[in-house]
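Scroll down for the structure; my scribbles are underneath it.
The values are calculated or read from the model by the stated rules, or taken from the named source; none is laboratory data. What you are looking at is a predicted structure, and each value in this text was computed from that prediction instead of being measured. Ideal geometry is used to build each Cβ from the backbone, glycine not excepted, and the neighbour counts take in all protein chains shown.
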Amino acid sequence: MQQLETTLKAALRAAIQNVFGTEVPAAQLTLQPTRKEFAGQFTLVTFPFTKALGKGPEQIGQAVGEWLVANEPMVSGYNVVKGFLNLEIADAEWVKVFEQLRQTPAGTPIPTGGPQNVVVEYSSPNTNKPLHLGHLRNNFLGYSVAEILQATGATVTKANLVNDRGIHICKSMLAYQQYGHGETPQSAGIKGDHLAGKYYVLFEKHYREQVKQLEAEGVLPDVAKRQAPMMLEAQDMLRAWEAGDEEVVSLWRQMNGWVYEGFDATYKNIGVDFDKYYYESGTYLLGKERVEEGLQKGVFFKKEDGSVWVDLKEEGLDEKLLLRADGTSVYITQDLGTAELKYQDFGYDLSVYVIADEQNYHMQVLKAVLKKLGKPYADAIYHLSYGMVDLPSGKMKSREGTVVDADELVREVVEAAKAATLEKGKTEGLSDDELNQLYHMLGLGALKYYLLKVDPKKRMLFNPEESVSLEGHTGPFIQYSHARISSILRKAAEQGIVAEATMSGLTELHDTERDMIQELGRYAAIVTESARTQSPAVVAQYAYDVAKAYNRFFAEVRIFGETDENKRAFRVALSAQTGQTIKASMGLLGIQVPERM
């Protein structure tokens, strides 16, 4: 496709040179796809050339179009709409493009000249609660961005920083200590991450009751929140943990072990994985060393109470706490340590942090602090800031238990996919195991596509009904298109139709065939753009466009009813290339596609 555009630009330069006697650099010739309502495949905007050529935009388009049709065999027709020259490319050229596409199928690495050594950090769960809907957007985004960057030829490491220490886990531990009575995931019959989450909610319930009681006794609200007995006990537990208290550390290990088992089951079920795990309990001490380094360099300072701060007012970020007065670390402390550990391990030239936009300030501070410390990897840090997922009832809150649980949501979408598939009654020939795999593939495909088709930067509203829909602009619509193509290829094999048959004699294409080749030819540009913007939504839209174009082709063109052997072989080959492109595109989103449906 790129070769076709390069050749076309050379022809346009020749046309302008011959008609107007003026040389135009290739860089100034910007081609865009022709709008659907006009004939043609490529459009040149002529407005920018009026001054240099001394003619109106329509005159330029008319003259250039006439010259191309008369002198350039690759251009079969043209039309001018105001300052837009729409060019129709000869069918023989599209056949050449298709043959080139088959030599470098979708899924072949596409070098972009971008970063080559990348770490993508995503998921980053707290060990005091199970994964919820917001975590799903994070996980799907991180996994997809890693796959897309890998498709450009980069070496990508998928990293997970587990927030396994801090006041949040101490809250769950304290509540378990006081109200757990030795309960375990086995005795309770629930996953370990759900058990920890249960006690986090329980802590908040009793804590709020204590705050209310203190306020009723005349204590000011802010003071009541700080002096509530459970909060003081949780802070004592955090200090005890950092001091290595045997009993506290033992409980911490036990509860985190339960949570990790739960997380692993969820990760496996939603189809995401990691190459490297980091734990805040293993990075915060290195972070403290960096804080000490900053004090020695004079870029950090201590306040009278012993707390350590950095002044970032020149960077427009105010002062930031790096270490509490009692010596315990805060989030930024361990983030300093983790950034260094990742650089030691992988020497990255790009480190992507997939974190919600409510942490924009925090990430700006991290980068600014690393620059103050003179770290060589500071500029390699990139915050993939994504919008939060809201519910129709408002914002999710873990501490109040008003979240959409990830495990439950996946169960629901799989059940919805099962019901929709059975309703269509097209399950013959599939075993129970194959059917269950299909339901899971469709349900998860619907959910992933729903969350990934929205630009990451946009805040989104979660609509449960839309998320499980199998029709329209959805993952299952694209999955169904792939299954249809697989069925066609099986039938072609049964009939002995060889997709590799020569196409040299093919000179005339149907409109939908031409559109299909042009759509398939966009794959490399789509992956490049998606990697540049780190937006899986670009790939999601493309996969839908390809599936939609194929469904038009299928509706308007006969495949097995075609009597011309060359055309029949071409249409089977076009179907195979489309199926491969859909599979590769959906794979970049972490979505599997079925062979049968």
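Quick notes on this one:
- Verdict on P109 being loosely packed, with under 14 Cβ neighbours inside 10 Å and under 37 Å from the mean Cα position of the chain (by Cα): yes
- Checklist (1) without any contact (Cβ under 8 Å) to a residue 24 or more places away in the chain; (2) crowded, with 18+ Cβ neighbours inside 10 Å applied to D564, failing item: (2)
- Residue within region 60-68 that is in contact (Cβ under 8 Å) with a residue 24 or more places away in the chain and surrounded by fewer than 14 Cβ atoms within 10 Å (Cβ to Cβ) present: no
- Members of region 477-526 found to be assigned to a loop (DSSP other than H, G, I, E, B) and charged (D, E, K, R), listed by number: E500, E508, R522
- Residue match in region 176-192 (condition: under 30 Å from G443 (Cβ atoms), in a helix (DSSP H, G or I) and in contact with an Asp or Glu (Cβ under 7 Å, 6 or more places away or on another chain)): yes
- Helices (runs of 4 or more DSSP H) contained entirely in region 213-299, each with at least 3 residues that are closer than 23 Å to Q344 by Cβ and free of Cβ contacts under 8 Å to residues at least 24 places away in the same chain: 280-297
- Any hit, region 247-254, residues being in contact with a strand residue (DSSP E or B) (Cβ under 7 Å, 6 or more places away or on another chain) and within 25 Å of N139 (Cα to Cα): no
- Residue in region 346-361 that is at pLDDT 95 or above, among the aromatic types (F, W, Y), part of a helix (DSSP H, G or I) and within 30 Å of L232 (Cβ to Cβ) present: yes
- For region 550-573, the criterion of being among the polar types (S, T, N, Q), farther than 15 Å from A106 by Cα and in contact with a strand residue (DSSP E or B) (Cβ under 6 Å, 6 or more places away or on another chain) is satisfied by no residue at all.
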